[in-house]
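Inspection log for the structure reproduced underneath, given as structure tokens.
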Amino acid sequence: MLLDDLDAVRRFAGLLDPDLPFKLALAAILDDRFPGGADFLTLYRCVQQAAWSPTETATGPGHLGAHELRAHLQGPLAPHLPLRDSALPSVRRLDELRVRAWEFLRTGSVGPTDAADPMADWPAHVRAPESIRCSVQALSAVPGEPQLVLNGLAAGHGTGPARPEDGRVHAAVGISSASTVDHVIDHPADSTHHTPDRRIPLTDLTVVLDRRRGVPVLRSVRLDAEVIPLHPGARPVALLPSVLRFLVRAFTVHGSLGRPLWTHALTGADRHPRGVHHLARATLGRITLGRAAWYFPARILPSPFADGLRELGLPHRFFARTLPGRAWRKGPHRLGRPVAPLYVDVTSPQLLESFARLQRGAAADDVLLLHEALGTVGAEYALDVCSPDLRARTDAATGAG
């Protein structure tokens, strides 16, 4: 049924956590330098130092996760290094899993049961979020068997039902109002009016390595509990003060996917296209996670355009965008948030002329990316999906069910 497909999407989302390489680098530091744990501020200062050390190679010294740490500190300005070239085996393994997962979904006819076996082999640090929010459109389908195309995917705080008590402390960071969160990380950037017993100073925090899952865990000494930082504010995580950004990205159970879903679906694409390349539609049960795509150097499309598009085997309706060649070569995670795509229907002379202008205005090394148009235009819905365990805890807390 459709709910089973949506839950499989939730479990798949655990593989897309953009902060997972950073968490694995922190785990390497803890294992190497603080096997018994460390004060949070001690670890924070250590990360600042380790990030600028040479990355370890087979013949040279340095910290294994230095690049992943620099990528966190510098963001888009960090030197590019593909995950497959990381010095950390766990990060290289993560890249391999992502590529294989998208390749598997592009084979067609992958159901929740088919996806369960590969997911069972994922390492423990790949954790499915407790809840996700799916932005979907309906596809034409057999009555009683709805099909959806997934346009967007969000995870973390703000999706799903309010979390019942589970023994962990949820603490807000970097916000101006925290009415829905009981605790707050005490920092000058916080302007809430929580009482002292609800404020958690940075000096009260410690970090230990959860060896079963291979990720760092944040704890409060005073409360003797695990602390989950939440960022419910409107300010982007990238604009938070450094120490708060560190807390959110290192210890949130599962934060935002960080970038549009379509960029995740480009995993495995050729970084140096010289001709026309095609990515098949990625599906999981009745849900399309990645639309069929075609990409090629923007200047190679022949004229007249309608004939050229027909030769490429493209559908008559699609979305088009040009992407900087330099960003494309660095990988999907560097594509950022480009402008909205252009909708094209080849039977419309006006839309076809707009597409021609888009192509003519592209730089010499730009890549033209086309996605098939699916669903009913303008009819988009938001669906919240939560784990069976969260549903059971919520029902027990509210007396439902």
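Here, each number is a calculation from the coordinates, and none is a lab measurement. As the structure is a prediction and not an experimental result, all values here were calculated from the model. So basically every Cβ, Gly included, is an ideal-geometry build from the backbone, and we count neighbours across all protein chains shown.
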Between L312 and H193, take the C-beta separation as r, use R0 = 60 Å, and let me know the FRET efficiency to the nearest 0.05. 0.50
Point-to-point label distance, A356-D39, nm (Cα→Cβ direction, 7 Å offset): 6.9
Between A382 and V99, what is the spin-label point distance in nm, taking each point 7 Å from the Cα along the Cα→C-beta axis? 3.6
Quick check on packing: order 21-34, 269-282 by the mean number of other C-beta atoms within 10 Å, highest mean leading. 21-34, 269-282
